[in-house]
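Following: one structure in structure tokens, then a few remarks.
The values are calculated or read from the model by the stated rules, or taken from the named source; none is laboratory data. Since the model is a prediction, treat every value here as computed from it, not as a measurement. Here the Cβ positions follow ideal geometry from the backbone for every residue, glycine too, while neighbour counts run over all protein chains shown.
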Amino acid sequence: MHLDALLELRTVSDHALSPSGTHAAAVVTRIVRDAPPRYASHIHLYDTSTLAGTVLTHGPGKDTQPAFSPDGRTLAFLSDRQGGAPQLHVIALAGGEARCVSDLPAGVTEFAWHPSGDWCAVVSRGEKDPDLGGLGRVITQPYYKQDGNGFRSDRPAQAWRVETDGTTTQLTDGPTSVSDVIFDAAGALLFAAARTVRDEGYYYRDVWRLTQGDDAPSPLVAQANPLIASKPSAAPGRAAIAYLAPSDPGRISSPTGLWVVPTAGGMPRLLTQDLDCTPLVGGDARYGRYPYAPAWIDDDTILVLANRRGSACVARVDVVSGERTDLQEPGRVVTGFVASGGVIAFTSETANAPGELFVRTASGDELRLSRENDAWSERHAPIAVDPEIVLPTDDGEAEISYWTLTPREPRSDRALVLQIHGGPRTTYGHGFSFEMQILAARGYTVVFGNPRGGAGYGYAFSEAITGRVGTIDADDVMAIARHARARHTDAGAPMHVTGGSYGGFMTNWLVGQTDTFTSAVTQRSISNWSSFYGTSDVGFSWIHIETGGNPWEHTQRLWDQSPMKHVANVTTPLLILHAEEDHRCPIEQAEQFFVALCVLGRAPVELVRFPDEGHDLSRSGRPDRRIHRLEAILGWFERHPERRAPGG
């Protein structure tokens, strides 16, 4: 497999079902080899009975978020084909050209059909922000920037009514942005939004209901903040609303669970205990949106995405008892799903098969609709993951697991690469990773697992590192490294290490604690929690969860958990990769570590800066930059092949 194979991959996302379940739509994204290369997204239509597919939309832009009208005759979608921001378009499935029906200068970010089929509720900021003309920007809130967007607008996104003839009326006028819009069967608008700007900065969001004729929406959940609600979904009998929120309302880091609340409002009820109900399994071959809102089958049953031990599936949950039935076997990752007419459409991948679109019929049969990457897989033959290895933690308090990709043709030095996932509340497992596949294709044995702090193993597992990152989680990573090396064909083979985001933090931390690794690549990393607090878009609201403090009251605590404290110990050759527009883990984190290592002169170090990219460079960055990043990782490992005696 060569690096240009990335340019041949296609992704399937944004899937939707017609009301009867007879047709599915999905967005297929490919990479166009222009100079520079770019992404192009178009909507494909599938017959769920015959499995026949056709390309519905064409053109140079990106067509996304398809949604069938209530009568199933029309498809609405977002497109930037006019140039500029995406707008709402509709196309008759019987034939004809797509029509643009919105003209909101700031564009449309999402939408939902009204049950009548006569109009859609769209989310938009309305007008564009004014051009400052090079003058100063006045900032009054700490949550003033966002990775992927740059500076956040002072104009909250609101819900608007857009008729199919283009008539537009504003529906909400709240202090914070609206998201996750849907309608219930009675035609009331449901959405998620924070009560105040301060709450929005801390991710506290309520579920709101706006009934026609009301002057303002009303919150549904009789629970004081913090409430971090998302993805509301209405029962067909109008009796209840389901939504997703942390299973422990006081802990944003607790597993995201499935809750229900009466439509009239009141106290919510958790149905899923400490099951994680959001997409969390890592992978780098996804592009676009993957729906995972709870879906009601009837008033007594809800479908939800269930993550467990590196796998993800659609699960059926009984509303009364909370009993859960998984609809797919472990060993694969369902990345998103929708349901309608007794049919479930879902995207699914495995460690050696990129994502495709499937349906599960009312009788329980599973059928595959898309085959976008069959030729790619046949040509490049990605490697299947080895069986899961489970081992006890060093302190005996938990079990941790890991997997390996074993190369078909190992390198002469039998080198290994240890991958550390981000988050920390995400997980590795059966997701497809082009990065890991390319490493295995170059002969490296790739090791990846889930130390404590990750998702999919329950509440106690994910909360175990709260306020003490770099302790038991580091012990778990090293336990995986030791175990994998001991099982390897050459126990003295060199082992390299890499990770991004939290995985980058852990890479920085470990090279300051041990000389075990032959070389290291740290990506979009964290080196100093004190400066991270005020420079990251989420620093002020998130750091207290992971480190248990702030810079002025807990200065020593943050410093003790910062890799910068131990930078003088680093002797491992270190490559630092960072995107210049990363607002999640700002590039100043990389700059600090790089300059210190240069001044100390005890380890080879290089810094690669990627312009015009954010935190998601490895997953959705410009394709040639994604390839450059992989070239840099492979090149660094190749330049530092010498063996190193296993350390502590």
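General remarks:
- Hits in region 615-631 (condition: under 21 Å from Gly150 (Cβ atoms) and free of Cβ contacts under 8 Å to residues at least 24 places away in the same chain): Arg625
- Selected residue [surrounded by 20 or more Cβ atoms within 10 Å (Cβ to Cβ) and farther than 20 Å from Ser377 by Cβ] from Gly341, Gly322, Gly336, Gly355: Gly336
- Odd one out for Leu558 among (1) assigned to a loop (DSSP other than H, G, I, E, B); (2) touching a helix residue (DSSP H, G or I) at 6+ places or on another chain (Cβ under 6 Å); (3) within 30 Å of Pro246 (Cβ to Cβ): (1)
- Scanning region 207-228 for residues that are over 16 Å from Leu171 (Cβ atoms) and part of a loop (DSSP other than H, G, I, E, B) returns Leu220, Ala222, Gln223, Ala224, Asn225, Pro226, Leu227.
- Meeting the requirement of 3 or more residues that are among the hydroxyl-bearing types (Ser, Thr, Tyr), the strands (runs of 3 or more DSSP E) wholly within region 284-364 are 343-350.
- Looking only at region 459-475, and only at residues there that are small (Gly, Ala, Ser) and in contact with a helix residue (DSSP H, G or I) (Cβ under 7 Å, 6 or more places away or on another chain), the one that is farthest from Gly549 (Cα to Cα): Ala474
- Enumeration of residues in region 100-115 that are within 15 Å of Thr169 (Cβ to Cβ) and of a type in the set (Ser, Thr, Tyr): Ser102
- Restricting attention to region 442-480, the residues that are outside any loop (DSSP other than H, G, I, E, B), farther than 24 Å from Asp274 by Cα and of a type in the set (Phe, Trp, Tyr) add up to 0.
- Residues considered: Ala441, Ala460, Ala484, Ala455. Of these, the only one that is within 29 Å of Cys313 (Cβ to Cβ) and surrounded by fewer than 20 Cβ atoms within 10 Å (Cβ to Cβ) is Ala460.
- Long-range neighbours under 9 Å by Cβ, at least six apart or interchain, first residue among the hydrophobic types (A, V, I, L, M, F, W, C) within region 340-353, second outside any strand (DSSP E or B) and at pLDDT below 95: Val343/Ala362
Each row is one residue, and each column tells you yes or no for (1) of a type in the set (Ser, Thr, Tyr); (2) within 25 Å of the chain's Cα centre (by Cα).
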| residue | (1), (2) |
| --- | --- |
| His2 | no, no |
| Ser49 | yes, no |
| Gly59 | no, no |
| Gln65 | no, yes |
| Ala92 | no, no |
| Gly95 | no, no |
| Cys100 | no, no |
| Gly107 | no, yes |
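- Tallying residues that are more than 20 Å from Ile31 (Cβ to Cβ), hydroxyl-bearing (Ser, Thr, Tyr) and not in a strand (DSSP E or B) within region 44-78 yields 4.
- The set of residues in region 86-117 that are assigned to a loop (DSSP other than H, G, I, E, B) and without any contact (Cβ under 8 Å) to a residue 12 or more places away in the chain comprises Gly95, Gly96, Glu97.
- Residues of region 381-400 classified as surrounded by fewer than 19 Cβ atoms within 10 Å (Cβ to Cβ), in contact (Cβ under 8 Å) with a residue 60 or more places away in the chain and either assigned to a strand (DSSP E or B) or of a type outside the set (Ser, Thr, Tyr) (or both), total: 8
- In this structure, Cys277 qualifies as within 21 Å of Asp248 (Cα to Cα), touching a strand residue (DSSP E or B) at 6+ places or on another chain (Cβ under 8 Å), at pLDDT 95 or above and not aromatic (Phe, Trp, Tyr).
- Where a residue in region 124-142 is more than 27 Å from Val108 (Cβ to Cβ) and its partner, wherever it lies, is at pLDDT 95 or above, with Cβ under 9 Å and at least six apart: Pro142/Gly534
- All positions within region 562-581 that are over 26 Å from the mean Cα position of the chain (by Cα) and part of a loop (DSSP other than H, G, I, E, B): Val570, Thr571, Thr572, Pro573
- Output for region 438-484, where each listed residue is at pLDDT below 95 and either over 26 Å from the mean Cα position of the chain (by Cα) or of a type in the set (D, E, K, R) (or both): Glu463, Arg468
- Selection from region 481-516 of residues that are in contact with a His (Cβ under 6 Å, 6 or more places away or on another chain) and either over 20 Å from Tyr428 (Cα atoms) or in a strand (DSSP E or B) (or both): Gly512
- So Ser20, is it closer than 30 Å to Gly341 by Cβ, of a type outside the set (Phe, Trp, Tyr) and not in a strand (DSSP E or B): yes
- Answer from Asp154, Asp118, Asp103 - the residue that is closer than 29 Å to Asp537 by Cα and of a type in the set (Asp, Glu): Asp154
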